[in-house]
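Computed from the coordinates by the stated procedures, all read-outs in this text should not be read as laboratory data. Every value quoted in this text rests on a predicted model; they were computed, and no experiment measured them. Here the Cβ positions follow ideal geometry from the backbone for every residue, glycine too, while neighbour counts run over all protein chains shown.
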Amino acid sequence: VMILASVDRSAKAEEILREASKLAEALDEEVHALHVLSRSEFVELERTSVDKTGDGLSIDRVKAVAREIAQDAIDAAGVEATAVGRMGDPADTVVQYAEENGARYIVVGARKRSPTGKALFGSVSQAVLLSAEVPVVTTGHGAD
């Protein structure tokens, strides 16, 4: 059982991890920081690898790159967490990982785009909110 923090490369990842860490501390749980490489990110990595080495990337290498992104976010936030990297559809992968690993909560980022205070969730956050079986905590309501 753990708290799952869904992180990306944005500055919001630090806030997501700090919120997940507070929740984990209150519940005496650990935090898993998950970064999911989307298809477009994978294509870019693959293209770069082929250009540099002439070889494609193994799935293990892709997961390692995603795990490194999660670890960078953990380091920047200054919290304790386990870095996890996956490849696939970000929302589906977050929900699947949460189910397979017994997440008690999922923490995701959201953003506010209008001065009227309406919170507009990114497509990944919205999809996680709609399909997760566990409670989802949103954070990062600051303007983009």
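Normalized C-alpha radius of gyration of the chain, against 2.2 N^0.38 Å? Could you put the intermediate results ahead of the total?
Details: Rg = 15.4 Å, N = 144, 2.2 N^0.38 = 14.5 Å.
Working it through for the chain, the quotient is 1.06.
Once you have the Cα-Cα distance between ARG104 and LYS22, take 0.36 nm times their residue separation minus that, and quote the gain in nm to one decimal. Show your work: numbers first, answer last.
Values: separation 82, 0.36 × 82 = 29.52 nm, distance 1.35 nm.
Roughly 28.2 nm would be gained on extension.
Using only alpha carbon pairs under 8 Å that are at least six residues apart, calculate the relative contact order of the chain and give it in whole percent. Write down the numbers at each step before the final one.
Values: 278 pairs, mean separation 42.4, N = 144.
It rounds to 29 percent for the chain.
A simple count of charges around ASP55, restricted to other residues whose Cβ falls under 13 Å of its Cβ and scoring Lys, Arg +1 and Asp, Glu -1, yields +1. When only Cα pairs below 8 angstrom with a gap of at least 6 residues are kept, the range 1-72 shows a relative contact order of 33 percent.
Please work out the FRET efficiency for the pair GLU68 and SER123, using the Cβ-Cβ distance as r and a Förster radius of 41 Å; give the result to the nearest 0.05. With R0 = 41 Å, the Cβ-Cβ based efficiency is 0.95.
Only aspartates and glutamates eight or more places from LYS52 in sequence, or on another chain, were considered; those with a Cα closer than 17 Å are GLU41, GLU44.
Tell me, in nm to one decimal, what length is gained between LYS52 and THR82 on full extension, where the rule is 0.36 nm per residue of separation less the Cα-Cα distance?
Working: separation 30, 0.36 × 30 = 10.80 nm, distance 3.03 nm.
Here the segment from LYS52 to THR82 would lengthen by 7.8 nm.
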